[in-house]
Amino acid sequence: MDDRATRHRASSMTIRPHGLIPFALLSLVALATAQPPDSLVTDTRVELPTIEPERQPRHTAGVHRLVALKYARMAEGTDHFSAALPELAAFLDSDVEVADTRFVSEEHDLGSFSFEGALLVMLTGNRATLNPNDTQKKRLGAYLRGGGLLFAEDVRSLAFFDTARDVGQSGTPFDRQLKALIADPQVLGRAGRNWRPVARNHPLYRSYFQFPAGPPMSGTAGGRLANARVTELEQLEYRGRVAVVFSDLNISFAWSTSEAVGRQRSLQFGANLVIFALAQYAAGDVR
């Protein structure tokens, strides 16, 4: 056989079969990596249910009750200033604008008050013994757990210097009695022990009027030395909401007395307290 014919046949046998292999491999790779069109994609992941808390907002239009509580052996001018809340309600009516909303003050005995429908409850004291029975504790506990706000304050009359020397002091008899009451199992129990200061950036200090330096201090005038006084409020939260605001600062004394030093700022803080309570009420309950 001719050498050229032999070389030609060998060349033909080598080129034709192997020329198809790279093409076949590329085709298989393309098929393996190709993505189906979006219309053919099925998400096989299991969709888990997400349970969100249901918030039931409330309307704020209408009349809202501010309630001062009285209890046995409470003395006017020592443990309680009966004019304080009516004067605050009058200030709200004249100096605070909230559309279609009015605030009224009431005074009730702790022994008979049901707490139903109160936007804000105020409880003050100094020398009187605070000793509610089981029924009264349960009513207070239900009110606080249901979203109510209690403003409690250790008060002093500043008419006589000698009777006001301990104003602005923590750990007083009323201070201890009030905190023991809130921590009672029939009120808030363990949740009633978690007191902490109201920070300067808290909404309470800017809900209507601005208090960048914290609470008004004029109610502590004539009391302890400035460096020994309490200078802040305390708060207690229940399920993420403020349930109790406690004051050793005698703020409500200025509400009741037209000649009190710093009365305007004290009333403005009282207005902030009420507007803050209204905002919490408007937010509704988380169920």
Q) By the scheme Lys and Arg +1, Asp and Glu -1, what is the net charge of all other residues having a beta-carbon under 10 Å from that of Asn250? A) -2
Q: Can you run the Rg to Rh ratio on segment 60-282? Use alpha carbon positions and the Kirkwood inverse-distance Rh.
A: 0.93
**Q.** Relative packing of 186-197, 273-284, 145-156, which averages over residues the other C-beta atoms within 10 Å, highest first
**A.** 145-156, 273-284, 186-197
Q) In terms of modelled amide H atoms, which long-range or inter-chain residues lie less than 5 Å from the amide H of Leu149? A) Val121
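Quick note: the coordinates plus some simple rules give every number you see, no bench work behind them. Please read all numbers here as calculations on a predicted model, not as lab measurements. Neighbour counts run over all protein chains shown; Cβ positions are idealised from the backbone, glycine included.
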